[in-house]
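Heads up: the structure comes next, in structure tokens.
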Amino acid sequence: MTARQWSDYINPVVKSIPPSGIRRFFDLAAEMKGVISLGVGEPDFVTPWHIREACIYSLHQGHTAYTSNHGLPELREEIAKYLARKGVQYHPGREILVTVGVSEALDLALRAIICPGDEVIIPTPCYVSYMPGTLMAGGVPVTVATSMDEGFRLTAEKLEATITPKTKALLLCFPNNPTGAVMDREELLKIAQVVEQHDLLVISDEIYDQLTYTGEHTCFASLPGMRDRTILLNGFSKAYAMTGWRLGYAAAHGDFIAAMTKIHQYTMLCAPITAQMSAIEALRYGETAMRKMVEQYNRRRRLVLHGFKEIGLPCFEPGGAFYAFPYIGDTGLTAEEFAEQLLKEEKVAVIPGDVFGPGGEQCIRCSYASSVEDLTTAIKRMGRFLKKIGKH
Ligand code: PLP
């Protein structure tokens, strides 16, 4: 009998999932000096001081214990009030679950609804966790590529054409990571119609809702008939610059929340109490500080779009989040080659678009959650790089 390798003990589904393509570029960039990173998907701001103070105060008060599995009632009430302002009512006691980031909420949503072999439709380019998350929950991710010509929006026709008898859910993310695309109410209403006709569920990741620059964000669950079909995910990482606090939530019909809570209570127990205390402060008094950060992102968004235009890099205009997704197809390089050469020759780290699935192959993701100074230097360096490779 041949000896088993330790890797033979690993679950084949886990083994089949490649490591994140983003990580590889972080590692490459970390080995070099003087790199300007447009790679990270997180705010460059520190959490507003009054939110940090709320955390310190809660510790002074001795709040160091577990909370209810669902999360602190005061926090769920604040979340319900916030969502009511977005046009959808949830019962804070039964229909809201506080989680360890949107990451946990996404995992719970997928595990709560997927049976082996169920298909989940995922418009791409998309956030890197969607496909692995679906696979690890036993589902089958079915991608629908969107293109720059379509503004990276999902159309009802494309959705309809992708549905099979095995389709269980659609996973939406607007504003989108990595493209920055937003969908307006009219477009989402058409998607909602198809969802209803085919009796689908929707997981709507709205983590970038506050970072919408071109109009009002439409909460998918607020559309007619969609509240009870939607598991709405949101959190504090992006809007309040709280990535390290690890706090998010799900809002949905009580049956979905009960199922998700069952998994959550046996795995996570509850989200950290200090983060929950601080999130109450964020929702009650954080609007002004948050608006200031959003203004800065919007300013940088315009700077980046203008800069890319100047250096001859075609770019779809992102309406939300803090990413630009310029097209590098004219350079004759693959996105991977472009990102690697740009890093080595000009010390600017970007993420090749293929990492985010079909539709991203000829683009690169540039996060503009960086200082104006760094963005200006990065664009200059990118311009020099384009000239060097003879594309300007
Ligand atoms: N969803 C999207 C679309 C994201 O871009 C991210 C983080 O980059 C997450 C979820 C994870 O969020 P959290 O920090 O709340 O786990």
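The numbers here are math on the coordinates, done by the rules we state, and not lab data. Just so it is clear, the structure is predicted and the values come from calculations on it, not from any experiment. No Cβ is skipped: glycine too gets one built from the backbone with ideal geometry, and neighbour counts run over all protein chains shown.
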task = Rank-order 70-76, 48-54, 367-373 by packing density, defined as the average count of other C-beta atoms within 10 Å over each peptide's residues, highest first.
result = 70-76, 367-373, 48-54
remark   = Expected sort for 315-322, 129-136, 304-311 on mean C-beta neighbours within 10 Å, highest first, is 315-322, 129-136, 304-311
task = Please get the size of the charge dipole for the range 1-145, origin at its Cα centre, with Cβ charges of +1 on Lys and Arg and -1 on Asp and Glu, quoted in debye to the nearest 20.
result = 80 debye
message = Is there a quick way to get the dipole size of the range 273-320? I mean about its Cα centre, with the Cβ of Lys and Arg at +1 and of Asp and Glu at -1; what is the value in debye to the nearest 20?
response = 120 debye
task = Report relative contact order for the chain in percent, whole number only (criteria: Cα-Cα under 8 Å, sequence separation at least 6).
result = 24 percent
key: Net dipole in debye of the chain [+1 Lys, Arg Cβ; -1 Asp, Glu Cβ; about Cα centre; nearest 20]   = 700 debye
request  = Please report the relative contact order for the range 125-268, taking Cα pairs under 8 Å with a sequence separation of at least 6, and give it as a percent rounded to a whole number.
outcome  = 17 percent
P(r) tail fraction, the range 280-358 - alpha-carbon pairs more than 17 Å apart, % = 59 percent
query = Expressed as a rounded percentage, what relative contact order does the range 205-346 have, with Cα pairs under 8 Å and six or more residues apart?
reply = 20 percent
key: Positive-pole candidate from Val144, Gly87, Thr376, dipole of the chain, charges at beta carbon   = Thr376
key: Formal net charge of residues neighbouring Ile257 (Cβ-Cβ distance under 9 Å; K, R +1; D, E -1)   = -1
note = The helix 49-60 Cα axis meets the longest alpha-carbon principal axis of the chain at an angle in degrees, between 0 and 90 and rounded to 10, of 40 degrees
note = Proxy exposure order for Arg381, Arg85, Arg300, Arg227 (fewest C-beta within 10 Å first) is Arg85, Arg381, Arg227, Arg300
note = The Rg/Rh figure for the chain, Cα atoms and Kirkwood Rh, to two decimals is 0.97
ask   = For the range 130-268, treating each Cα as an identical point scatterer without solvent, what Debye log10 I(q)/I(0) comes out at q = 0.12, 0.13, 0.14, 0.21 1/Å?
value = -0.50, -0.60, -0.70, -1.59
task = Write down the Å³ per residue value for the convex hull defined by the alpha carbon atoms of the range 30-145.
result = 213 Å³
ask   = Give or take rounding to whole Å, what are the principal axis extents of the alpha carbon atoms in the range 163-213, in descending order?
value = 36, 20, 15
